[in-house]
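Chemist: Pasting a structure here, questions to come.
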Amino acid sequence: MRVAMIGTGYVGLVSGACFADFGHEVICVDKDKAKIGALGRGEMPIYEPGLNDMVAANSRAGRLKFATELARAVADADAVFIAVGTPSRRGDGHADLSFVYDAAREIAHALDGFTVVITKSTVPVGTGDEVERIIRETRPDANCAVVSNPEFLREGAAIQDFKHPDRIVVGTNEMRAREVMSELYRPLYLNRSPILFTDRRTAELIKYAANAFLATKITFINEIADLAEKVGADVQEIARGIGLDNRIGSKFLHAGPGYGGSCFPKDTMALIKTAQDHATSLRIVEAVAAVNDTRKRAMARKVSTALGGEVRGKTIAVLGLTFKPNTDDMREAPSLPLITALQDMGGKVRVYDPAGMEQAKSLISNVTFCDDAYTCAEGASALVIVTEWEQFRALDFQRLKKVMAQPILVDLRNVYRPDEIARHGFVYECVGRARKL
Ligand SMILES: NC(=O)c1ccc[n+]([C@@H]2O[C@H](COP(=O)([O-])OP(=O)(O)OC[C@H]3O[C@@H](n4cnc5c(N)ncnc54)[C@H](O)[C@@H]3O)[C@@H](O)[C@H]2O)c1
């Protein structure tokens, strides 16, 4: 099948490359000329494991192309995906749908022959109706079906997730659109990934319900962690103890500094706004968003506690800036409010991240960017692990001790065990486990 992917970001590029890998002919379109230029030269605009090789192989095979011009790609396509950003709208927290609607208008002008237009961006209920209205208004003669097909991939494991999804959700009532979607995803359901056909509005809400549920799980265990600290219990044992119950499941039960990233914060907010617009309150999701919001900055208090309440004038080394490992994405990363809070307390901050430094440079200031974990730790009174990159899982504590001003580790991801850190002579502060000296 011939596919046009409008928007070549984390979702569009991965989806486009994977569809090409299935054997479809894909053109990834983006209005960002620098991004398309880089891809044309074989350079990846994002860090995502395995993506480079997949893009290179499919480009070589002629199945994956890149363009800034949408018209030709859309005219030739059987399926056009909208994979543009839907950030929080400034001021009110609703999803900003302007990129989606602009793309819909441009697509409408270029449609030629029966085409399925698929919204892959995360969009509030009713957006598919509006996309369809825009297309029909712009091109009353257009022969198309508008489908919702939300994406569930996770950055850092995006290719694996796209190729082995737990499910594929397709929202449409049109038979011919269903046939095109089945054809597009045939390699996946041959691999037994369930494809769930439903109506468009339900598909749109499934995506938000899934993200809100996962955000709730994370926030729940974070609050249990706070209680565990107070009563001398161990949140990791609790997570294991409840996670072994099949009704609960063990995933998304890792206590930490609060969720971040390009999806959960904006999607929970957009869902709350949708509910309010429909005179319904989602009080659980509202509580989750509020609790998570305060948590990130509150993590600075852990650092302060470890430093005996005195941060002013001290150097703090922060390991990990991205919102999670294996991505360069800095959107809503917990490291950002933490660093600001440490600076507000008068601390000097040194940072290191294996992939996120470039993106971080435009988001944080007055910090020292370092080349590796050990340089970062030089002269620091506390070392703070914010993102659990693999390379931070086996740090050389004797080496750290030599370069640090004080041997203090604040482990916001519970990467280490309190007893092993104590053996290295470090003061150890973590999440949801009693403080050990
Ligand atoms: N990033 C994730 O992990 C993830 C996972 C699931 C769903 N989603 C959803 O997918 C959507 C895209 O997210 P992302 O992280 O890939 O965003 P992104 O910001 O990385 O990429 C969006 C791209 O769309 C381009 N664009 C905007 N308008 C355009 C237009 N009219 N024509 C061509 N290109 C245009 C932008 O230049 C940008 O490169 C969002 O709705 C997001 O919520 C994201």
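The values are calculated or read from the model by the stated rules, or taken from the named source; none is laboratory data. As the structure is a computational prediction, the values presented were derived from the model and not from experiment. All Cβ positions, even for glycine, are placed from backbone atoms using ideal geometry, and neighbour counts span all protein chains on display.
Chemist: Restricting to the range 244-291, name every residue that is touching a strand residue (DSSP E or B) at 6+ places or on another chain (Cβ under 7 Å), more than 17 Å from residue 155 (Cβ to Cβ) and surrounded by 23 or more Cβ atoms within 10 Å (Cβ to Cβ).
Modeler: Passing the criteria: only 270.
Chemist: Then there's this: Within the range 175-192, can you find the residues that are crowded, with 16+ Cβ neighbours inside 10 Å and farther than 18 Å from residue 20 by Cβ?
Modeler: 177, 178
Chemist: Identify, from the list 156, 128, the residue that is in a loop (DSSP other than H, G, I, E, B), touching a residue at least 40 places away in the same chain (Cβ under 8 Å) and of a type in the set (Gly, Ala, Ser).
Modeler: 156
Chemist: Write out, first by first residue and then by second, each pair whose Cβ atoms fall under 8 Å of each other, whose residues are 6+ apart or on separate chains, and whose first residue, in the range 19-35, is over 22 Å from residue 100 (Cβ atoms) while the second is more than 10 Å from the ligand (Cβ to nearest atom) and of a type in the set (Gly, Ala, Ser).
Modeler: 20/61; 21/57
Chemist: So, one more: Quick one: which residue in 82, 107 is crowded, with 24+ Cβ neighbours inside 10 Å and under 23 Å from residue 331 (Cα atoms)?
Modeler: Result: 82 is the single residue among 82, 107 that is crowded, with 24+ Cβ neighbours inside 10 Å and under 23 Å from residue 331 (Cα atoms).
Chemist: Could you check residue 192 against (1) modelled with pLDDT of 95 or more; (2) not in a strand (DSSP E or B) and say which number it fails?
Modeler: All conditions are met except number (1).
Chemist: Something else now. Determine whether residue 142 is within 16 Å of the ligand (Cβ to nearest atom) and modelled with pLDDT of 95 or more.
Modeler: On the way: within 16 Å of the ligand (Cβ to nearest atom): no; modelled with pLDDT of 95 or more: yes.
For residue 142, the condition - within 16 Å of the ligand (Cβ to nearest atom) and modelled with pLDDT of 95 or more - is not met.
Chemist: Six or more apart or on different chains, Cβ atoms under 9 Å: show the pairs whose first residue is in the range 196-224 and without any contact (Cβ under 8 Å) to a residue 60 or more places away in the chain and closer than 14 Å to residue 171 by Cα and whose second is part of a helix (DSSP H, G or I) and of a type in the set (Lys, Arg).
Modeler: These pairs meet every condition: 197/178.
Chemist: May I ask you to say which residue of 299, 269, 330 is within 23 Å of residue 357 (Cβ to Cβ), assigned to a helix (DSSP H, G or I) and either under 19 Å from the mean Cα position of the chain (by Cα) or in contact (Cβ under 8 Å) with a residue 12 or more places away in the chain (or both)?
Modeler: After ruling out the rest, the residue left standing is 299.
Chemist: Next up: Read through the list (1) within 25 Å of the chain's Cα centre (by Cα); (2) surrounded by 14 or more Cβ atoms within 10 Å (Cβ to Cβ), then give the number of the only condition that residue 57 fails.
Modeler: (1)
Chemist: Of these, 169, 146, which one is touching an Asp or Glu at 6+ places or on another chain (Cβ under 7 Å) and in a strand (DSSP E or B)?
Modeler: After applying the criteria, what remains is 146.
Chemist: Can you pull out the residues in the range 168-199 that are in contact with a Pro (Cβ under 6 Å, 6 or more places away or on another chain) and under 22 Å from residue 9 (Cα atoms)?
Modeler: 169, the sole residue that qualifies.
Chemist: Let me ask something additional. Select from the range 346-368 the residues that are surrounded by fewer than 16 Cβ atoms within 10 Å (Cβ to Cβ) and in contact with a helix residue (DSSP H, G or I) (Cβ under 7 Å, 6 or more places away or on another chain) and write down the one among them that is nearest to residue 414 (Cα to Cα).
Modeler: Restricting to residues being surrounded by fewer than 16 Cβ atoms within 10 Å (Cβ to Cβ) and in contact with a helix residue (DSSP H, G or I) (Cβ under 7 Å, 6 or more places away or on another chain), the top hit is 363.
Chemist: Still on this model: State all residues of the range 374-397 that are crowded, with 22+ Cβ neighbours inside 10 Å and among the small types (Gly, Ala, Ser); if no residue qualifies, say none.
Modeler: Within the range 374-397, 377, 380, 381, 382 qualify.
Chemist: Another one. Please specify each residue of the range 98-122 satisfying the condition of being more than 16 Å from residue 146 (Cα to Cα) and either touching a helix residue (DSSP H, G or I) at 6+ places or on another chain (Cβ under 9 Å) or free of Cβ contacts under 8 Å to residues at least 24 places away in the same chain (or both).
Modeler: The one that is more than 16 Å from residue 146 (Cα to Cα) and either touching a helix residue (DSSP H, G or I) at 6+ places or on another chain (Cβ under 9 Å) or free of Cβ contacts under 8 Å to residues at least 24 places away in the same chain (or both): 98.
Chemist: Continuing with this model, one more query. Among the candidates 136, 154, which residue alone is of a type in the set (D, E, K, R) and within 16 Å of residue 103 (Cβ to Cβ)?
Modeler: On the way: 154 fails: within 16 Å of residue 103 (Cβ to Cβ).
Answer to the check: 136.
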